[in-house]
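S.K.: Dumping the structure here so I can ask a few things about it.
The values are calculated or read from the model by the stated rules, or taken from the named source; none is laboratory data. Quick caveat, the model's predicted, so the values are computed rather than measured. Here the Cβ positions follow ideal geometry from the backbone for every residue, glycine too, while neighbour counts run over all protein chains shown. Surface areas here come from the heavy atoms of the whole protein model, side chains and all, with no ligands, DNA or RNA. Shrake-Rupley method; radii C 1.70, N 1.55, O 1.52, S 1.80 Å.
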Amino acid sequence: MRIGTDLVLRFENVDIAGAPDMYVYLSDRTDGEPGTSVDLGRLKATNGSFNYAVPAGVDVTAVRSVVVWCRQFSVTVTYALLT
């Protein structure tokens, strides 16, 4: 089991549809829902490349996907499975 320290989640050349109040989550699910998740904060941008620090103590072996979630409407904007 690897515990997150000095780990970074990288968004590379993304083009994400705009929506209000978007946040990034590390999720234990594979269906685009936040599930049991770690909140990485507001989405930094809807296009381009940027990083999020993974907080120390996060069990990355339990993370199955990254979810961009619109809090205002409680919907998934996009998600990516992690392998």
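Rundown of residues vs (1) over 12 Å from L9 (Cα atoms); (2) of a type in the set (G, A, S); (3) more than 10 Å from the chain's Cα centre (by Cα), yes/no style:
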residue	(1), (2), (3)
T30	yes, no, yes
T36	yes, no, yes
T46	yes, no, yes
S49	no, yes, yes
Y52	no, no, no
R71	yes, no, yes
S74	yes, yes, yes
Y79	yes, no, no
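S.K.: So which residues in the range 1-51 are among the hydroxyl-bearing types (S, T, Y) and either open to solvent by 70 Å² or more (accessible area, probe 1.4 Å) or more than 14 Å from T78 (Cα to Cα) (or both), if there are any at all?
M.R.: Within the range 1-51, T5, T30, T36, S37, S49 qualify.
S.K.: Within the range 31-83, can you find the residues that are farther than 17 Å from I16 by Cα, part of a strand (DSSP E or B) and in contact (Cβ under 8 Å) with a residue 40 or more places away in the chain?
M.R.: Answer for the range 31-83, where residues must be farther than 17 Å from I16 by Cα, part of a strand (DSSP E or B) and in contact (Cβ under 8 Å) with a residue 40 or more places away in the chain: A53, V54, D59.
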